[in-house]
Amino acid sequence: MNNPVNQYNKIIDEQEKLETRETHPEGNFDNKRRFYLHKNYDCCQTIRIPSAAFPFSEMSHGRTLVHVAHKYGMEHHLSAIKVLKNAWKNKGIRFKSVSEVVRASKAKRKSPKKLVAQKILHFWAQLEAPTGTNN
C-alpha cells in the first residue's frame, strides 16, 4: 500500500475548509439560484435534486467528508479517514506517514494515539483482506 496518510490529511483539510465555509464546493448556480455540483460521484446518487424548496442540497452534500473522499478516489478508506479526523479534532492527534502510524500502534504504553493507530491499521487490514470467502 502506498502512503495514504498524506491523502487522508489532504481530504480532512479540504473538508474542514468546506465545512467552515473558507472554500466552497465546485459548482454553479442556475438562473433560479439552485446550486449544482460540477461533478457527481456515486455518493451523489441519493442526494435530492436542487429545487425551489431545497436549492442548496448539492452544495450541502459537496461539503461532506463522504463527497470529498469520493472526489479523491478514497471512498473505500472512509472509515479510517473518519477515525483520523475525529482523533485530530477531539484529541489533536495527527499522523504524517504510514511509518508513524505503525510506530504508534506498537507503543508499549496505552495511549489515545496508540488506539487510533491500531484502528487505522485494522481498517487497512480489512481493505487488503481477500473478499468473497465463505467463512
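Checking the condition surrounded by fewer than 19 Cβ atoms within 10 Å (Cβ to Cβ), of a type in the set (A, V, I, L, M) and closer than 26 Å to Y36 by Cβ, which residue from V98, V66, V102 passes?
Every option except V66 fails the conditions.
If I ask for residues that are crowded, with 19+ Cβ neighbours inside 10 Å and charged (D, E, K, R), which ones from region 69-84 would you list?
Listed by number, the list holds a single entry, K71.
Within region 91-102, take every residue that is out of contact with any Pro (no Cβ under 8 Å at 6 or more places or on another chain) and either at pLDDT 95 or above or not basic (K, R) (or both) and give me the one that is nearest to N6 (Cα to Cα).
The qualifying residue nearest to N6 (Cα to Cα) is S97.
Yes/no matrix, rows are residues, columns are (1) among the hydrophobic types (A, V, I, L, M, F, W, C); (2) at pLDDT below 95:
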position	(1), (2)
H61	no, no
L65	yes, no
A69	yes, no
L115	yes, yes
F123	yes, yes
Q126	no, yes
T133	no, yes
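Within region 1-29, can you find the residues that are in a helix (DSSP H, G or I), more than 18 Å from N40 (Cβ to Cβ) and not β-branched (V, I, T)?
Those that are in a helix (DSSP H, G or I), more than 18 Å from N40 (Cβ to Cβ) and not β-branched (V, I, T): P4, N6, Q7, Y8, N9, K10, D13, E16, K17, E19.
Going through region 45-63 one residue at a time, which ones are buried (at least 17 other Cβ atoms within 10 Å of the Cβ) and either part of a helix (DSSP H, G or I) or not β-branched (V, I, T) (or both)?
Listed by number, the residues that qualify are P50, S57, E58, M59, H61, G62, R63.
Kindly evaluate E26 against the criterion of being touching a His at 6+ places or on another chain (Cβ under 7 Å) and either farther than 23 Å from E128 by Cβ or not polar (S, T, N, Q) (or both).
The answer is yes for E26.
The values are calculated or read from the model by the stated rules, or taken from the named source; none is laboratory data. Note that the structure is predicted; figures quoted are calculated from it, not measured. Heads up, the Cβs are rebuilt from the backbone with ideal geometry, glycines too, and the neighbour counts pull from every protein chain shown.
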